[in-house]
Amino acid sequence: MSVFLKGAGMGAADAVPGVSGGTIAFVTGIYEELLHTIKQFGPSAFVAWRRGGLPMLAVHLNLAFAIPLLLGIATSLFSVAHLVVWLLDEYPLLLNGFFFGLVAASAVVVSRHPSDWKLWHMLPFACGLLMAHGLPSLMPLITLLGSQSLMLIVGGAIAISALLLPGVSGSFLLLTMGLYGTVMQAIRSFDLGLLSVFAVGCLIGLSGFSRLLSWLLRHYHTATLQLLIGFIVGSLPVIWPWRELVSYQLGPEGQMIPLGYRYLAPGDYANLTGEPGLLFPVLGTMLAGAVLVLALGRYHRADSPDEAAAGSTTSPDKKDGSNA
């Protein structure tokens, strides 16, 4: 049930442009197991099946973890995600405030993990910041592909890869590609044609990117964690509640693709839009999101008290330290 609920949290987060399911996986302590499990779905699974049949295959694929996680994500996408999208339409300031607090606190929780931090680890942190800032501006180029099927495949590969990156929102990248509305409508109407094309892209992205991240965490653990923290911090402006869209372009189906925002103080937002800035309610939702994440992080540390010690003695990032 615990893994199912964590999957549901990932699915709900990924429904909101600007929030990453990878952040939820990281905070709840299943991130590296998630990467390892995804990586197992490959040619080695066939070898495991040949050697020990279905029992060995189930162990190899870590199905005791994968099945409840996927059920949680799927259940959330087809239920909770509807509520989240409705809240985004009706109460955007409050919802963005909640997720801003959630993501900001996630950066604090993740930053506690490295036990052998070195000054040069600021470099991958800075790279994460720059990439989180620059990726959305490149996504509108996907519209140049023309074919919707090709766009869905490429978009699916990119979006699912972003799901694995804490702080990088697959749904926000879909929004900047002009595919967010198409995919969400396909989910709501259960359009198997569009969803199957999108799923092909997702499988391609999962297969390649999970292996890359697994390799980086295995060989450069602390440096990769710092890169991920950079992604998380760099994503915060995207979900700042009080902002004004200053540039956009139209997608192939006439949908608006945001390109740039101006970030405002609550009072300036109220003066500009004529709508209340809701300063204290938004601060309340920010606090609620932060408290939720900090509580999850504390629960995870209490649930695995040996994690920090094990990480400091077995972390493959010793390569990093030896070069510092």
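Amide H of Leu61 versus every other amide H placed in the peptide plane: which residues, excluding those fewer than 5 positions away on the same chain, fall under 5 Å?
HN-HN under 5 Å from Leu61: empty list.
Starting from the amide H of Arg243, placed 1.01 Å from N in the peptide plane, find each other amide H under 5 Å away whose residue is 5 or more places distant or on another chain.
Here the answer is Leu264, since their amide H atoms fall under 5 Å of that of Arg243.
Going by average Cβ neighbours within 10 Å, how do the peptides 203-213, 173-183 rank, with the highest at the top? It would help to have the intermediate numbers written out before the result.
Details: 203-213: 17.6, 173-183: 23.6.
Listed from highest to lowest mean packing, they are 173-183, 203-213.
Amide H neighbours of Tyr261 under 5 Å, counting only residues 5+ apart in sequence or on other chains, H built in-plane at 1.01 Å?
It is Val246, by chain and number.
Can you give the FRET efficiency for Tyr263 and Trp86, using 1/(1 + (r/R0)^6), R0 = 30 Å, r = Cβ-Cβ distance, to the nearest 0.05?
Efficiency, rounded to the nearest 0.05: 0.75.
Read phi for every residue in the range 35-42 and hand back ³J(HN,Hα) as whole Hz from Karplus 6.51 cos²θ - 1.76 cosθ + 1.60, θ = phi - 60°, with x for Gly and Pro.
Here the 3J(HN,Hα) series is 4, 4, 5, 4, 5, 6, 7, x Hz.
Readers should treat all values here as calculations from the given coordinates under stated rules, not as data from a laboratory. Since we're looking at a predicted model, the values are computed, not measured. Here the Cβ is made from the backbone with ideal geometry for all residues, glycine too, and neighbour counts use every protein chain on show.
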